[in-house]
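Q: Before we start, here is the structure in question, set down as structure tokens.
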Amino acid sequence: MKKLSTILILLVFYIFAGGCHSAKKSLKRGDYDDSVFRAADKLKNTPTHSSSLEILKQAFPSAVKQHLDDISSAETLPDIQRWEQLLSSYQILNKLYEAVKPCNTCMQAVSAKSYYEEERNSRQKTLETHYSEGLKLLSLGSRENARLAYEQFERVYELLPNYNNVQQKLDQAYNIASFKVVVEQVLVTSKAYQLSNAYFQDQINQFLKTNRRLNKYVQFYTPEEATNGKLKPDHVITLQFDDFVVGQTLIEKNTETVFSKDSVKIGEKTVNRKKIEFYDKVKASLTKNRKTVHSSGVLDMRIMEFDTRKLANQEKFGGEYNWVCEWASYNGDERALTNAQLKMCKSQELLPPDPQQLFVEFSKPIYDRLTDRLRRYYAKY
């Protein structure tokens, strides 16, 4: 029991010492904010922790001075940068104040004051300057200016989502800023099969929904969305399976003579009233069958500029799928077979999947290659 108490005392000591050590390390490297937060947190729980109190006395005035100096130096900056700097500095000053306020020991040790009014004023000015800059950029026209305007309105929305009509301005700026791409329905041309593109089309539609903004300003639409929104796209993507085979079957048969690995009992006879057992390796004729059903295809992707009808890019993506069934039969002594060979002999020939499923399977790697290419292609827009 005494040993357990000693361990607990040591554990508490290391926890406190560790916290103090962290605050001290922050102080040494000039991270006064972190040092204040750590020391104040320690003093809230242990008001008599002398080393934390000494650290707080050094770190707090240094932290306040650092941010007040930043505020002074910000006066020479352009409006947007100046108000952002002021807002950031006043926010941290108030966090420092809030860190020591609940701790009586802390408040007695340092001279702390709040900057709530200054923070409110700088926030308002930050909102006004970003919003005003966004309106100015939006009025200049062009996609590039609209993107810059969108970033200004984004910052406003981040600070105060219901400020003025910022959501409307965000939508307006994004509509001009975005690069719009319509992806048409996937075409399947086949004289031999009536195959559905439903699976592949569903995958493409899901991609469009979850990857609308590949680089923030690229947005994909289905033809229906483009029509309903009276959209004028920048690019139109056409996808078509123009070369594929489904269900090409190859059957391979191989017969071999196999022997048991060890000698096994093959008989016995009685000699002079004694039974004598005979051992030797046994054999069997093993016939292995392998059916491979091959399916493959090529998807043609064309990216057209909507205004000029000029071909911007064309690529082809291939994919394949092989369905395999193996079974076997034997004549002779079963003991000549390995466990794997015997298991194969118990298997039966199976029917392959229907053509529609085979089409789905070989289109899966095509989908992966296509979507990866679209991501990389539109990363530059």
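The values are calculated or read from the model by the stated rules, or taken from the named source; none is laboratory data. Not measured: the values here are computed from a predicted model. Using ideal geometry, Cβ is built from the backbone for each residue, glycine included, and neighbour counts are taken over all protein chains shown. Quick note on the areas: whole protein, heavy atoms, side chains included, nothing else; ligands and nucleic acids left out. Shrake-Rupley method; radii C 1.70, N 1.55, O 1.52, S 1.80 Å.
Q: Taking the Cβ of Tyr199 as the centre, find all other residues whose Cβ is under 15 Å away and add up their charges (Lys, Arg: +1; Asp, Glu: -1).
A: Working: positive: Lys364; negative: Asp202, Asp354, Glu361, Asp368.
Local charge sum for Tyr199: -3.
Q: Round to the nearest 10 and give me the degree value, 0 to 90, for the angle of helix 50-73's Cα axis relative to the longest principal axis of the chain.
A: Helix 50-73 and the main axis of the chain meet at about 80 degrees.
Q: Now for a different question. Which shape class, rounded, prolate or oblate, goes with segment 80-154 when its Cα gyration tensor gives a ≥ b ≥ c as root eigenvalues, a/c under 1.5 marks rounded, and past that a/b bigger than b/c marks prolate? Before the final figure, lay out the partial values.
A: Numbers: a/c = 5.32, a/b = 4.06, b/c = 1.31.
Prolate, since a/c reaches 1.5 and a/b exceeds b/c.
Q: Remind me, relative contact order of segment 243-381 in percent, using alpha carbon pairs under 8 angstrom and six or more residues apart? Walk me through the intermediate numbers first.
A: Details: 249 pairs, mean separation 34.6, N = 139.
After rounding, I find 25 percent.
Q: Let me ask you something else. Using θ = phi - 60° and the Karplus form 6.51 cos²θ - 1.76 cosθ + 1.60, what ³J(HN,Hα) does each residue of segment 127-132 get, whole Hz, x for Gly and Pro?
A: After applying 6.51 cos²θ - 1.76 cosθ + 1.60, I find 4, 5, 5, 5, 5, 5 Hz.
Q: Of all the accessible heavy-atom surface of the chain, with the other protein chains kept in place and a 1.4 Å probe, what percent is carbon and sulfur? Kindly include the intermediate steps, with their values, before the conclusion.
A: Numbers: 11240 of 22710 Å².
Roughly 50 percent of what the probe reaches on the chain is carbon or sulfur.
Q: Ok, one more. Could you pull out every residue, at least 5 positions away or on a different chain, whose amide H is within less than 5 Å of the one on Leu77? Hs are placed 1.01 Å off N in the peptide plane, and Pro or chain starts have none.
A: Close amide H contacts, sequence-distant or interchain: none at all.
Q: Can you tell which of Val264, Phe317, Ala336 lies farthest toward the positive end of the dipole of segment 256-381, using +1 and -1 charges on the Cβ of basic and acidic side chains (Lys, Arg; Asp, Glu)?
A: It is Val264, whose Cα lies furthest towards the positive end.
Q: Continuing with the same structure: Just from its helices, what would the mean residue ellipticity at 222 nm be for the chain, if runs of 4 or more DSSP H residues each count -39500 (n - 2.57) and the sum is divided by every residue, rounded to the nearest 500 deg cm²/dmol? Each step should come with its number before you reach the end.
A: Values: 12 runs with 196 residues, N = 381.
Mean residue ellipticity at 222 nm (helix-derived): -17000 deg cm²/dmol.
Q: Next question. Taking amide H positions as placed 1.01 Å from N in the peptide plane, with prolines and chain starts having none, which residues 5 or more places from Ala312, or on another chain, fall under 5 Å of its amide H?
A: Amide H neighbours of Ala312: Ile303, Met304, Glu305.
Q: Which whole-number percent is the relative contact order of the chain (Cα, under 8 Å, 6+ apart)?
A: On the way: 594 pairs, mean separation 39.6, N = 381.
This gives 10 percent for the chain.
Q: Which residues among segment 101-119 fall inside the zone where the amide N is under 19 Å from a point 7 Å beyond the Cα of Lys57, along Cα→Cβ?
A: In segment 101-119, the label zone of Lys57 (backbone N under 19 Å from the point 7 Å along Cα→Cβ) covers 101, 103-113.
Q: For the chain, set up a GNM with springs between Cα atoms under 10 Å and report which of Phe362, Phe200, Phe278 has the largest fluctuation.
A: The residue that fluctuates most here is Phe278.
Q: A further question on this structure: Among the lysines, which have Cα under 16 Å from the Cα of Lys28 when same-chain residues fewer than 8 positions away are ignored?
A: Within the straight-line limit of under 16 Å, Lys28 reaches these lysines: Lys57.
Q: Kindly write out, for segment 282-298 in residue order, the coupling ³J(HN,Hα) from the Karplus curve 6.51 cos²θ - 1.76 cosθ + 1.60 (θ = phi - 60°), rounded to whole Hz, with x marking Gly and Pro.
A: 10, 9, 8, 9, 9, 10, 9, 10, 9, 10, 10, 10, 9, 9, 7, x, 10
Q: Mind running the shape call on segment 295-343? Use the C-alpha gyration tensor, a ≥ b ≥ c as the square roots of the eigenvalues: rounded below 1.5 for a/c, prolate if a/b tops b/c, oblate otherwise. List each step's numbers first, then the result.
A: Details: a/c = 10.74, a/b = 7.74, b/c = 1.39.
Cα axes put segment 295-343 in the prolate bin.
Q: Rolling a 1.4 Å sphere over the protein heavy atoms, what is the accessible area per residue of the chain, to the nearest Å²? Intermediate values should be presented prior to the final figure.
A: Details: 22710 Å² over 381 residues.
Result: 60 Å² of accessible area for each residue.
Q: Report, by chain and number, residues whose modeled amide H sits under 5 Å from the one on Val282, excluding near sequence neighbours (fewer than 5 apart, same chain).
A: Hits under the 5 Å cutoff: Ser260, Val264.
Q: Let me ask you something else. Shape call for the chain from the C-alpha gyration tensor, a ≥ b ≥ c root eigenvalues: rounded (a/c under 1.5), prolate (a/b greater than b/c) or oblate?
A: Working: a/c = 5.34, a/b = 1.53, b/c = 3.49.
Since a/c reaches 1.5 but b/c is at least a/b, the shape of the chain is classed as oblate.
Q: When DSSP beta bridges are limited to those with both residues in the chain, what percentage is antiparallel, rounded to the nearest 5? Don't skip to the answer; put the middle values down first.
A: Values: 50 of 59 bridges.
Beta bridges within the chain, antiparallel portion: roughly 85 percent.
Q: Right, another one. Quick one: dipole size for segment 14-158, taken about the Cα centre, charges +1 on Lys/Arg Cβ and -1 on Asp/Glu Cβ, in debye to the nearest 20.
A: Values: 20 positive and 20 negative charges, 124 e Å.
Its charge dipole is roughly 600 debye.
Q: Projected onto the charge dipole of the chain (+1 at Lys/Arg Cβ, -1 at Asp/Glu Cβ, origin at the Cα centre), which of Gln168, Val100, Leu86 gives the Cα projection farthest towards the positive end?
A: Result: Val100.
Q: May I pose another question? Suppose a student asked you for the relative contact order of segment 23-85, using Cα pairs under 8 Å spaced at least 6 residues apart; what percent would you report? Before the final figure, lay out the partial values.
A: Numbers: 50 pairs, mean separation 17.1, N = 63.
Worked out over segment 23-85, it gives 27 percent.
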